[in-house]
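These notes concern the structure reproduced below.
The values are calculated or read from the model by the stated rules, or taken from the named source; none is laboratory data. In this text, all values refer to a predicted model and were calculated from it rather than measured experimentally. Cβ placement follows ideal geometry from the backbone for every residue including glycine, while neighbour counts extend to all protein chains displayed. Side chains are part of the model used for accessible areas, which takes the heavy atoms of the whole protein and leaves out ligands, DNA and RNA. Shrake-Rupley method; radii C 1.70, N 1.55, O 1.52, S 1.80 Å.
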Amino acid sequence: MTDRQIPRWSELKPLLRAKPVTLNPTERRLEKALTIADLRRIARLRTPRSVFDYTDGAAEAEISLRRARALFAQLELRPSILHDVSEVDPTTTMLGAPSAQPFAFAPTGFTRMMNHEGESAVVRVAERAGIPYALSTMGTTSIEDVAAAAPDARKWFQLYVWKDRSSGEDLVKRAAAAGYEALMLTVDVPVAGARLRDVRNGFTIPPSLTAKTVLDAAAHPAWWINLLTTKPLEFASLSEWQGTVAELLNKLFDPTMTIDDLAWLRSIWSGPLIVKGIQTVDDARRVVDAGADAIVLSNHGGRQLDRAPVPLRILPEVAAAVGDRTEVYLDTGITNGADIVAALALGADACLVGRAYLYGLMAGGERGVARAAEILTTEVRRTMQLLGVRTVDELNPDHVRLP
C-alpha cells in the first residue's frame, strides 16, 4: 500500500512557474506557432476566405499539390549515428554568393493582398536572415520600393514573357537599375491554370465589395481596415487592373514563347539568369544548353497543370543530368525544414519557399514572416544534426529513401 502525505510548500514552490504574459496580441499568436502548419491555421482565421484560398489553393482538383506534399511526407530519412554534430553549418552558395540558409523566398503575386505590409516586409526578413528574395512580376510593391525597403538584401526579379515585349524589357531595365542580382524567368504559365477556388470565391484584384465580401469583412475587420486605410495596391509591373487573376494572366502573358526567347532575354540582361518551371529532364537540358545559370524544378506550387510531375520525384535524375553545369533549385510542397534537407540530399543546391512565408505574413505581418523563417531554420538545423551531418555538402542520396 502506498504511503501518502500532504505536500509541503517548499516542495510545491519549485513546480509553480508562471509563464510570462505576452501583452502584444500578434506576438501572442505567433508564440503558439511551432510549425508552418500552425501558421497556416492562424492565417486561415485572420484572412478573408477568398484571399486565403488564393494563397492556399492550387489548380483544378489540386492533385499536383497533394502529391508533392505526400511525397515529402512519405519519404524516409536515414541518419548516420556517432558523429559530432554539436555545431552545424546550414550555409550554402546560390549563384556563387553565400546564403545563410539553403532556401530563398520565392516570388509570389499580389502579396499585399495577404497582408498590407506585403513585399517590403518579406524582403526585410530575407535581408536579416541572409537569404535571397525574388520579387514577382505580379507583386504589389514596385521594383524600386522593394529595393529601398532592404538595400542590403539579395534581390532577384521574377519575369514572365509578355505579349508586349517592350513592357517586359522595361521591367528588366528597372530591375537592373535598382540593383537586382538575378533575373528569374518563369516558363510554365503560357496561359492561366484553372484555379477553381478563386472562381468559386469570385476572387478579383483588388477584392470587390459584393454582398459576400461585405459579410466576410464582418468576420475579418482588421484585414479590411488595413486594406482600406493603407497605401492603395501598387503593382510591380502594371498601373492597375480590375478583374480576375486568370483574366489578367491571359491578357498579359505570351503563349507563343519559345526557347529562342532566352536569347532575347540574354541580350537585355547581363546578370545571372534563373529559369523556373522545369518539369522534365529534357527541358532541363534545353534551358541549360541555352545558357541558364540556374533552374528551378517546379510545377508552380500545383497552380498550373494539375497532375504535373512532382519536382522532388524528378530531382535526382535532373541533378545527375545537368547538376555539373548549373545550379538546381526546387520548390512545391515544402512545409518543413526537413523537406529542404531531403531535397538537398537528393541533389538540389537550394529550395524556394512561397506559401510557408505567406502563411506567416497572413498570421502576423513582418513578424509572422520572421517566425516562418525561424521555424524553417530551426527545422533545417535540427534535421541535419539528427541525420549526423555538419554541413549541407555532407548530405547525399544515402540520407533519403523515396517511396
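All conditions in (1) in contact with an Asp or Glu (Cβ under 7 Å, 6 or more places away or on another chain); (2) closer than 23 Å to residue 163 by Cα hold for residue 329, with the sole exception of (2). Would you confirm whether or not segment 74-84 contains a residue that is modelled with pLDDT of 95 or more, open to solvent by less than 30 Å² (accessible area, probe 1.4 Å) and over 18 Å from the mean Cα position of the chain (by Cα)? Within segment 74-84 (the criterion being modelled with pLDDT of 95 or more, open to solvent by less than 30 Å² (accessible area, probe 1.4 Å) and over 18 Å from the mean Cα position of the chain (by Cα)), the answer is yes, since at least one residue qualifies.
Check segment 86-107 and report whether any residue there is touching a strand residue (DSSP E or B) at 6+ places or on another chain (Cβ under 7 Å) and at pLDDT below 95. No, that holds for no residue.
Contact map, segment 277-292: first residue farther than 13 Å from residue 327 by Cα, second residue open to solvent by 60 Å² or more (accessible area, probe 1.4 Å) and part of a loop (DSSP other than H, G, I, E, B), Cβ cut-off under 7 Å, separation 6 or more or different chains; the map is empty. Of the residues making up segment 160-179, none is assigned to a loop (DSSP other than H, G, I, E, B), open to solvent by less than 50 Å² (accessible area, probe 1.4 Å) and farther than 26 Å from residue 265 by Cα.
Evaluation of residue 266 against the conditions (1) in a helix (DSSP H, G or I); (2) basic (Lys, Arg); (3) out of contact with any strand residue (DSSP E or B) (no Cβ under 9 Å at 6 or more places or on another chain) shows that the sole unmet condition is (3). Entry remark, segment 180-207: residues being more than 30 Å from residue 267 (Cβ to Cβ), in contact with a strand residue (DSSP E or B) (Cβ under 9 Å, 6 or more places away or on another chain) and not in a loop (DSSP other than H, G, I, E, B) number 1 in total.
Considering segment 144-159, the residues that are over 14 Å from residue 108 (Cα atoms) and either of a type outside the set (A, V, I, L, M) or part of a helix (DSSP H, G or I) (or both) include one that is most open to solvent (accessible area, probe 1.4 Å), namely 152. How many residues, within segment 40-55, are open to solvent by 20 Å² or more (accessible area, probe 1.4 Å) and of a type in the set (Gly, Ala, Ser)? Of the residues in segment 40-55, 1 are open to solvent by 20 Å² or more (accessible area, probe 1.4 Å) and of a type in the set (Gly, Ala, Ser). Would you confirm, using the coordinates I've provided, whether residue 22 is of a type outside the set (D, E, K, R), surrounded by 12 or more Cβ atoms within 10 Å (Cβ to Cβ) and either free of Cβ contacts under 8 Å to residues at least 60 places away in the same chain or at positive phi (or both)? For residue 22, the condition - of a type outside the set (D, E, K, R), surrounded by 12 or more Cβ atoms within 10 Å (Cβ to Cβ) and either free of Cβ contacts under 8 Å to residues at least 60 places away in the same chain or at positive phi (or both) - is met.
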